[in-house]
Amino acid sequence: MLEAVDGELAGIARSLQAGWLRAAALTASSYTTGQSVTWVQACEHCGIQTWERPQRTSVARPLRVDHVLASSSLPFSASERNGLRHIDLLLLRPSVDLGRLANEYEPELPRAFRFLTRGLGTRETRSNDMLSLVMFQGDYATRLIQLGEEDASRRLADIRRFLEAT
């Protein structure tokens, strides 16, 4: 269970100080800009540096409940925060980087759309998260569904345990 003290995830700091953890990070993406930000809380002497790349940046700071909510795309307001309670989570992530997968299908996009996305910098990185959010091309969508089914099949036991517990 996550323990928050004044919004800060206190257990992370304790684990870093005790040496049980070197770093923890949460990432959120903006649907309007395509920019991703990663908040990183690391031990003092572990040498983890922040970074800035096209459409991605990191910020060193103590992790807070707000960061968890932002990274999971959960809308919240101040009044809702007062009623925070423990909930069990099951994290399912694609086994393939969806930005890289989108790049494989990008050449099949209509010429005008390719021109637009390349103008936004999609060729500057190997992983194009923004393109993966806006591409609704049939063969790409079919591949996403196939990938989701394969990933869910591999995690079926975890999914069943989670659903049975709720």
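Numerical summary
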item: Candidates Ser36, Ser30 - the one that is under 26 Å from Leu90 (Cβ atoms) and in contact with a Lys or Arg (Cβ under 6 Å, 6 or more places away or on another chain); result: Ser36
item: Residue that is nearest to the chain's Cα centre (by Cα), among those in the stretch 5-27 that are surrounded by fewer than 17 Cβ atoms within 10 Å (Cβ to Cβ) and part of a strand (DSSP E or B); result: Thr27
item: Test set (1) modelled with pLDDT under 80; (2) farther than 30 Å from Gly138 by Cα; (3) surrounded by 13 or more Cβ atoms within 10 Å (Cβ to Cβ) - Leu109 fails condition number; result: (2)
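Residue by residue, here is whether (1) modelled with pLDDT of 85 or more; (2) surrounded by 13 or more Cβ atoms within 10 Å (Cβ to Cβ); (3) touching a Cys at 6+ places or on another chain (Cβ under 9 Å); (4) among the acidic types (Asp, Glu) holds:
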{"site": "Gly34", "(1), (2), (3), (4)": "no, yes, no, no"}
{"site": "Ile48", "(1), (2), (3), (4)": "yes, yes, no, no"}
{"site": "Gln55", "(1), (2), (3), (4)": "no, yes, no, no"}
{"site": "Leu69", "(1), (2), (3), (4)": "no, yes, no, no"}
{"site": "Ser77", "(1), (2), (3), (4)": "no, no, no, no"}
{"site": "His86", "(1), (2), (3), (4)": "no, no, no, no"}
{"site": "Leu98", "(1), (2), (3), (4)": "yes, yes, no, no"}
{"site": "Thr125", "(1), (2), (3), (4)": "no, yes, no, no"}
{"site": "Asp129", "(1), (2), (3), (4)": "no, yes, no, yes"}
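The values are calculated or read from the model by the stated rules, or taken from the named source; none is laboratory data. Quick caveat, the model's predicted, so the values are computed rather than measured. Note that we place each Cβ from the backbone using ideal geometry, even for glycine, and neighbour counts take in every protein chain shown.
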